[in-house]
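J.: One structure, pasted below without further comment.
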Amino acid sequence: MFGIGMVIAGGCASGTLMRVGEGFVMQMLSLIFFIIGSLWGAHDFGWWNNVLISKTKPVFLPQVFGWPLALLIQFGLLLVIYILADWYGEKRATNKIARGTFMAEYRLDCLGEACPIPLIKTQKKMATLNVGDVLIVEVDHSCAMKNVPEWARKEGYNVEIEEIDGGQWDIIIEKTK
């Protein structure tokens with residue numbers, strides 16, 4: 001459940017708190033439900049413990065299947081999840097930016113800068129661009145790699161993310177309106 005909530009919220013509790021501080025409304029909604037869920041879980045933990053947790057036997061896959069098969073099952077599940085996530089990501093990437101068909105290309109170096117600086121710089125630069133122009137934002141902060149594309153998509157721009165190096169990304173934004 002925690003993992004599903006993290007995916008829906010776009011990050012863990014600390015990431016959600018950071019985005020709430022940056023003014024992301026959807027994260028404020030996630031925070032409200034995070035608080036409600038935490039309080040509800042704390043309130044009803046005794047009931048869950050009495051009804052379910054204390055009456056079930058813990059499952060340790062190596063004891064059930066042995067180490068080789070347990071590891072194979074775990075890696076197999078991770079591979080299936082990876083394949084599904086990759087397939088879903090490719091399916092969602094329908095608004096690919098056709099490189100070379102835009103009006104002008106600009107680069108914005110935000111390497112070494114933490115949020116919200118890359119987002120603010122991107123917003124200011126995008127305001128100066130013409131429709132059809134492309135801005136390539138260079139970032140190396142994982143928060144900026146999430147927040148900048150999120151903002152650009154909310155604005156209705158086409159967005160692609162290319163990982164340049166481990167921990168460094170180019171966020172390619174095409175101004176569409």
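J.: So which residues in the range 24-64 are of a type in the set (S, T, N, Q), within 30 Å of Q74 (Cα to Cα) and within 32 Å of the chain's Cα centre (by Cα), if there are any at all?
T.: Correct list: S30, S38.
J.: Just to be sure before I move on: is Y157 of a type in the set (F, W, Y), modelled with pLDDT of 85 or more and surrounded by 11 or more Cβ atoms within 10 Å (Cβ to Cβ) in the structure I sent?
T.: Here the answer is yes, as Y157 does meet what is asked.
J.: Would you point out the residue of the range 133-150, among those that are more than 11 Å from Q168 (Cα to Cα) and assigned to a helix (DSSP H, G or I), that is modelled with the lowest pLDDT?
T.: C143
J.: Now, a different point. Determine which member of the set L135, L129 is touching a residue at least 24 places away in the same chain (Cβ under 8 Å), over 27 Å from L17 (Cβ atoms), surrounded by fewer than 20 Cβ atoms within 10 Å (Cβ to Cβ) and not charged (D, E, K, R).
T.: Criteria check complete, one pass: L129.
The values are calculated or read from the model by the stated rules, or taken from the named source; none is laboratory data. Just so you know, these numbers come straight off a predicted model, no measurement behind them. Cβ coordinates were reconstructed from backbone atoms using ideal geometry, including for glycine residues, and neighbour counts include every protein chain displayed.
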